[in-house]
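Everything below concerns the one structure shown next.
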Amino acid sequence: MLLAVTAVCYWVGEAMQKTVFQDLDRVPDKVASTSAMAARNAAHLARFLKEKQYPGE
């Protein structure tokens with residue numbers, strides 16, 4: 001199973017404005033760092049679960 005990093009973190013602009021994430025010229029630093037952290041955490045969890053299988057049925 002794969003989850004895109006953007007599925008677990010996202011950018012929220014000011015309320016009731018017309019600017020959306022895809023219209024930005026660049027990704028805000030906070031969103032970029034949060035996405036990178038989520039990707040590192042997911043990779044760490046995947047390695048851990050591969051080494052120590054979660055008890056199945």
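Any read-out appearing in this document is the output of simple, stated calculations on the displayed coordinates, not a laboratory observation. All figures in this text were calculated on a predicted structure; none of them were measured in a lab.
Pull up the cross-link candidates among the lysines for K18, meaning alpha carbon to alpha carbon under 27 Å and not fewer than 8 places away within one chain.
Leaving aside lysines fewer than 8 places away in the same chain, those within reach of K18 are K30.
In sequence order, what are the phi-derived ³J(HN,Hα) couplings for segment 35-47 according to the Karplus relation 6.51 cos²θ - 1.76 cosθ + 1.60 with θ = phi - 60°, rounded to whole Hz, with x for glycine and proline?
Result, rounded to whole Hz: 5, 5, 5, 4, 5, 4, 5, 5, 5, 4, 4, 4, 5.
Per-residue HN-Hα couplings for segment 23-32, Karplus 6.51 cos²θ - 1.76 cosθ + 1.60 at θ = phi - 60°, whole Hz, x for Gly and Pro?
8, 6, 6, 8, 6, x, 4, 5, 5, 4
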